[in-house]
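Taking it in order: structure first as structure tokens, then the write-up.
No value in this document is a laboratory result; all are computed from the given coordinates. On a predicted model such as this, the values are computed, not experimentally measured, just so you know. Every residue, glycine as well, gets a Cβ built from its backbone with ideal geometry; the counts of neighbours run over all protein chains shown.
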Amino acid sequence: MTDTPPALVLPFDGFLTLLRARGFAVGLHEHLALATLLQRWQGTNGPQFGDAVAALIGRTEDEVASVRRLFDELYGPAPPAPNLAVPPIDRWAALRSRTWGLAAAAAALALATGLWWSLRPAPVIPESPPAAIVTTPSAPATGVEPITPPVPAAPELPEPPRRINRRVAIPVGAGLFLLALAGSWAQKARDERRLWLRRAWTAAADLLPGPFHFPFVLRDPVARLPRIDIEDAATILGRALTNEAQARELDVRRSVQLTVRRGMLPSFVFRSRRMMPTILVVQDVAEEMRVWRGKVELFLTDLRRQGVPLERYYFDADPRRVSDAPHGGTVHDLDRVLRRRPAAPLLIVSAGGGLVSLGAEALAAAGPGGSGAAGGPAGAGSGVAAWLRTVRGRDRKTWLTPVSDARLWPDEFDQLPMQVWPMTRRGLAQAARDLAGVDVRPPDRLRGRILDEGRVSLDGIERMQRLASLVPYPTTDLLELLRRRFAPDVPDAVIVHLLQQTGRPAAAVLRMSDADIRERSAAVRFETPTLEQQVRAVLLDVLQESEPAPGSAAHLRWEIATAVHRLALADLGAGSRPAALAAVETLGRGPLWEEVRKITRLTPAVPALSRAAATTTMPDLRDGSATPAGDVPAGQPPTAGPAPWIWPGIRELVPAAALTLLLVIGGWLGGAFPVRAVQHVSDAYRLSYAPGATPGTPELQLQLAPNPGMPVPTRVDLYAGDAVFRSGVDLGAGATSVRLADTDLGRHYRIRSTLPDGNLAVSDAVWVPDLATVVVIDALPWARVSIDGYAGTGQPFTTPFAIGLKPGSYRLRFENGDVTPAMEQAITVDATSRTYRFTMPGFDPASLATLLAPGVTGPTAR
Amino acid sequence: MTAGTTASWMRYRGDGNTPQGHAAETRGEHGRYLADTRLVTAVNTAITVEQPLLVTGEPGTGKTMLAWSIAGELGLGPVLEFHTRSDHQARDTLYDFDHLLRFYHAQTGDPRAAEPQTYLRFGALGEAIRSAVQRVVLIDEIDKAPRDFPNDMLDEMDKMQFSIPEVELTFAAVRRPIVIVTSNSERQLPDPFLRRCVFHRIAFPAGDGLQHILRERLGHLNLAGRLVEVATNRFEQIRQVPGLEKKPSTAELIAWVKVLHAAGVDVSTLSNAAIADLPFMGALAKSEQDALLIARARD
């Protein structure tokens, strides 16, 4: 049995493993160096040891900082223990959390009670209707007992009209009108003042001295290609030796050996010096290359620094004509330049925008299989063909494009007689091979890998959009800086993707839509707040470097950008929230208040901050809606004069009146206003019945009441029952009589006139008795009786009954539900006959009495 | 801490004090060199793990002075300097053998041709390796050397030993020299070389640091204290001018203050003048474009 030796654990093995995982080149050498350091380290200062480890392992400033940060994360002082104490139970927490709800409910209840109390209808106390006067008919002069016919009730007067209580309605209407007027006036005053303030602030902004915008000053604005890549390319280029005679040097050792061998005859041996041939660089300086200008310049500078001789020429979009200066130099044909150096490799650096103007068809036609005379858009087919011949005739040539994503390349690249490579690690190496004349044709698999190296993924685009949204309008240089710092794995061609998405591929500033900015920045805040904090810290550093001249408009814009980033950082817990908010608010009350509001709306909102902002004079600071006049600052600029007075005009009066009218009508229809019943005036007239001196001359006497209590009309209507009997009777001249016919008797009469309020001025109702004789009709055992010729109501009558009948003959029909057979009888009413008794056919009262009570004599009479 | 531990760790303190009995080693500059804590740690780390210290930073941040400061504080004698040129080879840091001179002597019958040591000249590193005492070697601006230069030094730097085939001699260090390598970051150094170095970047000093440097370096001129303060402030403003191709460094500042002092420029004038009107801008701007930018700059 063998003992397995325990696994050796090297000092700081975990830390070094972590570094290796993070991409640091950590190997045995670093382990040994750290072990040596530990062996001789006799200090106890942790941070100092961290500095030592960082200096030992890091190879650049960034690497040293990264190692130091990781060391602090792993071996830094432990964070304070979290407070695990359970907070005491707050019994009132639930109630307190519903304080607003309770308060709102109480307010609603109080409001409803108040409305009910103020708008409840006033009780209407109807006055007693005028009592009907029953004129008792005179008793007939006969010996039978008198029968008094019942006097029907006087017809009811119509309901008194209900009118809105003017004492309430008028003040309410006036109040509503004043309120509406005040509201529209206030609105007009506010809008006018805002417009005035807006103009005043605009004028104040116009007075700000220039410069008006500040550029982002970036320490290292251009993406420098990795030097190792350029070194690789330079190394490959170094394999191409020049044949020029002067590029030789003395080989001392071999010269000495040869001299000795020749008996000290001086002999010199030269050897070729490893000199690289001069490369003809033709660089595109068109506008679309502006994004890549720095990258290309640095690439060529680094290449030259590596000892690669370059002869540079420039062209503006059209590669057929080149100049010796980027702008304004002497223009030559490329063919002429190439003829000067027939053996020099040709390197063209361009994104290919100029080829688009030449046209793919022209290039294809001018190519090996084409006619060579096709005209392109410029009608320069022969020129294109000559240019292609010139390029094709060059032995060593390549085309480098700074756009690393091959999907963004123009189709015209396919028609070129040279290979096009991206400025990536593999692309540069292959371009160097082209220029050195080695491995010119890579296998398809390698070619595919080269072209895929700079492909931009959708995720990369999204990440860069999120980074850009935090600026929120970055220049391409700043975007590139953010890419390098926070998304170095995303190829720089992503910038072209972003610019193309905005529709302005050659723009210097990326301007995403407000919705995109809001959406992306909110996503960053929600998903990666730490990243946002880091990005904004970097942006603040950039802004610190970019501070323009104080007092200028540019400086104010710079202050806004700085304050907004600080505010966002404060949201994230880095910095003082009140101070950052106060700074933004102060700027929001300045000449560039609109810009402040716009940019704050693009910044992700934080509930706590929104509440804080809502308590300030800027409720619209974060996410409020703008009014047509704009939410201008409350204060006015010092340069503005006094604010003008604003008076209400027709545009305020008419809508206020219309609104009041609508409210009143609506309130009236809805019963919201208190109403009162306008009572009829009951004693306005006097009406009396006079039977007349002789029978057959009855009449009514009409006159005004001596004290009606209020003015009443003198032209009246005389009503019989509910119908007008006489209309337009004039009482102005005094009492008036109206003669009645026999058919007019037996009714209630009343004088009526309509007062202005719709109520009536009336007299008492007077009953004019009929001339009918009251008779009694009975039948044995009983019957229901219908009287032909009787105009009154109530038939059939059940015996016994009394009824007033005018003198004359009547036909009576008796029936009792088949108890006995029905029968008909005719009676004649006159002054003497008042009682009529009949026995139904087949009814014998005596036998019935015997039957019901044997031994008892039946009734003889009833 | 005992003397023994001091010898093995934290030998260098960066306070400019020399050991008793040793004279301060300088390149002729006045004043002490004060290093910050991290630089001190990096220097001591390099000494401890016996690796070269690679120092980068803007020109004028005291990279070269650091070597002299180490030599002075540790009492290691004058610094052995090697100023890199673009045609240097790694062997030049060790030795140079003048073949042509010997060839000439052999042709002319000079007896010295029989003594090959006559044509041998040691470079800074070679001199330090063969020295009996520990020395400080400065390989200045290594980024100016050809690409293969750093990699060609690796073996000798590791072993601190080299051979000279012309004379068939081998030298090995008795006391490993302290090697300080400076770079202006004009070119990326190869990874194998970097792995064998302790790295430190010296940041450009801020206000107080600059004033301290001026007082140390120009103390012998009896400068007015206000001149140092105002000149430093204006100098920092100039460095903030956007787009400068080459920001002025400490060396330019020292030269500028010297000129200001010599010309007797009034301090208040210096303080109140606009940047574009500051005198002797030629001492600070080293290109036409930078001069134009400064002339257009606003306060």
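Here are some notes:
- Shielding of peptide B:197-210 by partners, expressed as the average count of other chain Cβ atoms within 10 Å per residue Cβ, is 3.
- With both residues required to sit in chain B, DSSP beta bridges show an antiparallel share near 30%.
- Residue-wise HN-Hα couplings along the range A:474-490, as the Karplus relation 6.51 cos²θ - 1.76 cosθ + 1.60 with θ = phi - 60° gives them from phi, are x, 6, 5, 5, 5, 4, 5, 4, 5, 4, 5, 7, 10, 9, x, 7, 8 Hz; Gly and Pro carry x.
- Gyration tensor verdict on the range A:13-75 (Cα atoms; rounded if a/c is under 1.5, prolate if a/b is larger than b/c, oblate otherwise): oblate
- Gaussian network model of chain B, Cα within-10 Å springs - most flexible of B:Pro279, B:Pro111, B:Pro150: B:Pro111
- Qualifying lysines (Cα of each under 24 Å from Cα of B:Lys159; at least 8 residues distant if same chain): none
- Listed by chain and number, the aspartates and glutamates whose alpha-carbon sits under 16 Å from that of B:Lys247, ignoring those within fewer than 8 places in the same chain, are A:Asp220, A:Glu545, B:Glu58, B:Glu186, B:Glu236, B:Glu288, B:Asp290.
- For the range B:193-215 versus the range B:143-163, the gap between their alpha-carbon centres in whole angstrom: 25
- The residue among B:Tyr119, B:Ile70, B:Thr56 whose Cα reaches farthest toward the positive pole of the charge dipole of the range B:3-202, with charges on the beta-carbon of Lys, Arg, Asp and Glu, is B:Ile70.
- Low-density loop positions, trypsin sites (Lys or Arg not before Pro), the range B:55-133 - DSSP coil, at most 13 other Cβ in 10 Å: B:Arg85
- Under conditions of 20 °C and 1.002 mPa s, the range A:773-852 yields 163 µm² s⁻¹ as its translational diffusion coefficient, taking Rh as the Kirkwood radius over Cα pairs in the Stokes-Einstein equation.
- Projecting the alpha carbon convex hull of the range A:679-768 along each direction and taking the average yields 5.7 nm².
- Shape call, the range B:3-202: gyration tensor on alpha carbons, a/c limit 1.5: prolate
- Anisotropy class of the range B:207-296 from Cα gyration tensor, a/c 1.5 cut: prolate
- Comparing B:Leu270, B:Leu125, B:Leu214 in a Gaussian network model of chain B, where Cα atoms under 10 Å apart are tied by springs, the biggest mean-square fluctuation is seen for B:Leu270.
- Candidate cross-link partners of A:Lys188 among the aspartates and glutamates, defined by an alpha-carbon separation under 17 Å and a same-chain spacing of 8 or more, comprise A:Asp631, A:Glu652.
- On Cα atoms only, tilt of B:63-74 relative to the major axis of chain B in degrees: 70
- Residues A:Phe216, B:Phe82, B:Phe199 arranged by fewest to most Cβ contacts within 10 Å: A:Phe216, B:Phe82, B:Phe199
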